[in-house]
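What follows is a short report on a single structure.
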Amino acid sequence: MTEPTAPMSEEVAEKEAARLIHDAYQPTHYRDDSPLPEYGATPPVPQPGRPPMSAKAVDDTARMIGASVVIATTGGSTTAILWASGYANPVVVALVFGAPTALALAIGRILRGARPEPEVHQHFHGPVTHQTTHTKTNGVWARTNNQK
């Protein structure tokens, strides 16, 4: 139990009340409404998060992230089951999981090749010089030779 204190004088009570009111009404934020300059010498600062990109790139990125989660969970659970069973033959696992991927890539390549090339009409006015460049790309590191 606390002991009662002596009553405050009128002057001390007014000073304490003024201090409490002052502390209670301190601003917690400030908004600067002055106009911003159109340009300045400050360099751009990298912003956190994904960089700005086109809507198609955003859709593709989200699609790839979603697919990677599905692939990782499927592959992880399959690996755990095979490891736990003790009967995991690496050749059979490679054939079972590699064949659908190879088949999907082959079908995609066929479908891409089946599209007709667009017909292009070019109209030139004035002197035109036409040059043909023969390109050959080969090698693991894709060395390209351009010859006129």
- Message: Taking θ = phi - 60°, what integer Hz values does the Karplus form 6.51 cos²θ - 1.76 cosθ + 1.60 yield along the stretch 129-135, in sequence order, with x for Gly and Pro?
- Response: 10, 10, 10, 10, 10, 9, 10
- Task: Would you mind checking the tilt of helix 55-85 against the longest principal axis of the Cα atoms of the chain, expressed as 0 to 90 degrees and rounded to 10?
- Result: 80 degrees
- For the Cα atoms of the chain, what angle does the longest principal axis make with the long axis of helix 90-114, in degrees from 0 to 90, nearest 10? 80 degrees
- Note on the structure: With +1 at each Lys and Arg Cβ and -1 at each Asp and Glu Cβ, the charge dipole magnitude of the chain around its Cα centre, to the nearest 20 debye, comes out at 1920 debye
- Amide H of ALA88: which non-local residues (sequence gap of 5 or more, or other chain) have their own amide H closer than 5 Å, using H built in the peptide plane? none
- Return the label of the correct value of log10 I(q)/I(0) by the Debye sum over Cα atoms at q = 0.10, 0.14, 0.19 Å⁻¹, as calculated from the structure shown, out of (i) -0.91, -1.18, -1.35; (ii) -0.50, -0.77, -1.08; (iii) -0.39, -0.68, -1.05. (i)
- Which angle between 0 and 90 degrees, to the nearest 10, do you get for helix 10-24 versus the longest principal axis of the chain when only C-alpha atoms count? 10 degrees
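Just so you know, all these numbers are worked out from the coordinates, no wet-lab data involved. What you see is a predicted model; the values in this text were computed from it and never measured. Don't worry about glycine lacking a Cβ; one is built from the backbone with ideal geometry, like all the others, and counts go over all protein chains shown.
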